[in-house]
C-alpha cells in the first residue's frame, strides 16, 4: 500500500509539473512581443492560490504522509508567481490593476488560512480546515476547462483543445485521485477525482471530434464571448495555450 501510494504520488508530480510548465510558450510570446495582447491573466493568481493552499495542506504538521503534495504544489506556486509577475509587468494599466488586485486577494486568503491553522486550530481540526480550503480551490481550478469543452461541442471541432494538455489533465487528476484513495484522504481524492472525470470527458470529446474542422460560423464573434472561450486572439499559439491555462 505504501509503495503504491508513493508511486502514484510520483506520477502525480510528473504530470503536474508538465501542466504547470505548459504556459511557457504563451509567456515566451508575451515577453517577445512585450505585450499580454488578449490573454487573460486571471488563471495564474487563481492557480497560485490553489498551489499555495495545497502545498500548505501537504505539510507534515497539517496532514501526515502528504509531502509529495507539498513538493509539486510548492514548485507550482513558484512557477505561477513568475507567471503573475511577468503578466503584471507587460499588461496594460487596467489589466495590471485587476491582476494586482487578484494577487492581493490570493495573499490575503492564504495568509488567513495559515494564521488560523497555526494559532486557532490543531490536530484534526487543522487538517479539516486546510483540507476544505485546498479542495475547494482545486475543484475550481479543474473546472475551468468547462468553457473550452462547451466550445468543442458547439463547433464540433477540437481545434482549440490540445490533445496533450487534455491527456495530462487526465493523468494528473487520476494519479492524485488514486494517491488520495490509497492514503484514505478525501481532500486529495475528491477534487482530483473531479479532475480525472473532466480529463476523461475532454479525451472523449477529442476522439469524437478529432477529424472535424471548425465551422467559422460557430466560433465566438464578440470579444466578450471570445475572451470567455479563450479564443479572442486568432493566433494558433494563443488558442492552443490560453484555453487550457485556466486549469494549470
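General remarks:
- Qualifying residues in region 178-214 (those that are without any contact (Cβ under 8 Å) to a residue 12 or more places away in the chain and under 30 Å from residue 133 (Cβ atoms)) - the one surrounded by the fewest Cβ atoms within 10 Å (Cβ to Cβ): 184
- Answer from 169, 158 - the residue that is more than 17 Å from residue 69 (Cα to Cα), crowded, with 19+ Cβ neighbours inside 10 Å and in contact with a helix residue (DSSP H, G or I) (Cβ under 6 Å, 6 or more places away or on another chain): 158
- Taking the criterion of being closer than 30 Å to residue 181 by Cα and without any contact (Cβ under 8 Å) to a residue 60 or more places away in the chain, the residues of region 15-42 that qualify are 17, 21.
- Conditions (1) loosely packed, with under 14 Cβ neighbours inside 10 Å; (2) within 14 Å of the chain's Cα centre (by Cα); number of the one not met by residue 15: (1)
- Test result for residue 147, part of a helix (DSSP H, G or I) and loosely packed, with under 14 Cβ neighbours inside 10 Å: no
A short reminder: the numbers here are calculations on the coordinates, not readings from a lab. Keep in mind the model is a prediction, meaning the values are calculated, not measured. Positions of Cβ are generated from backbone atoms using ideal geometry, with glycine treated the same way; all protein chains shown enter the neighbour counts.
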